Amino acid sequence: MNNLKPTPENFENNTLRADYSGRGGGIEIDLTPFGIEGEKMTAYQNHLGGGMLGRVCSSNTINANHMFVEVQFQQEIDAIATELKKYFHSLTNHSEDEFENQSFEVNQNMPASAY
């Protein structure tokens, strides 16, 4: 893998599309600059209702298209996913609503969807 670190600046510079608000949304990044040629990763979040946002989730084209991934490579993918989820959480976690402005760790204990 490339030495490009999964930082907010690097995510911002490699965003393919983003659509988010205080009601959730999603972001898609290109993984090529992180050393994973031609692959993509997303982070997304659902609105649960009542002003609550669900847990930030992630997906990628590697796991979607390959049944088996070597453990070390999966750990690298997971590390990027965790940082991307934290970055996306920082983008949607800004409302005056009582359920928002919560830490990433608290957010990750929320359900992913309301149903």
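Each value in this text was obtained by applying a stated rule to the coordinates, not by laboratory testing. Keep in mind it's a predicted model, so treat the numbers as computed, not measured. All Cβ positions, glycine included, derive from the backbone under ideal geometry; neighbour counts span all protein chains shown.
A few notes on this one:
- Loop-exposed GluC sites (Glu not before Pro) per DSSP, neighbour cap 11 Cβ within 10 angstrom, longest uninterrupted part of the chain: 1-36
- Kirkwood-based Rg to Rh ratio, the chain, C-alpha trace: 0.99
- Looking at region 34-90, the chymotrypsin sites (Phe, Trp or Tyr not before Pro) that sit in a DSSP loop and have at most 13 other Cβ atoms within 10 Å of their own Cβ are Phe68.
- With a Förster radius of 25 Å applied to the beta-carbon distance between Glu12 and Thr61, the computed FRET efficiency rounds to 0.80.
- Per-residue Cβ neighbour counts within 10 Å put Ile36, Ile29, Ile80 in the sequence Ile36, Ile80, Ile29, beginning with the fewest.
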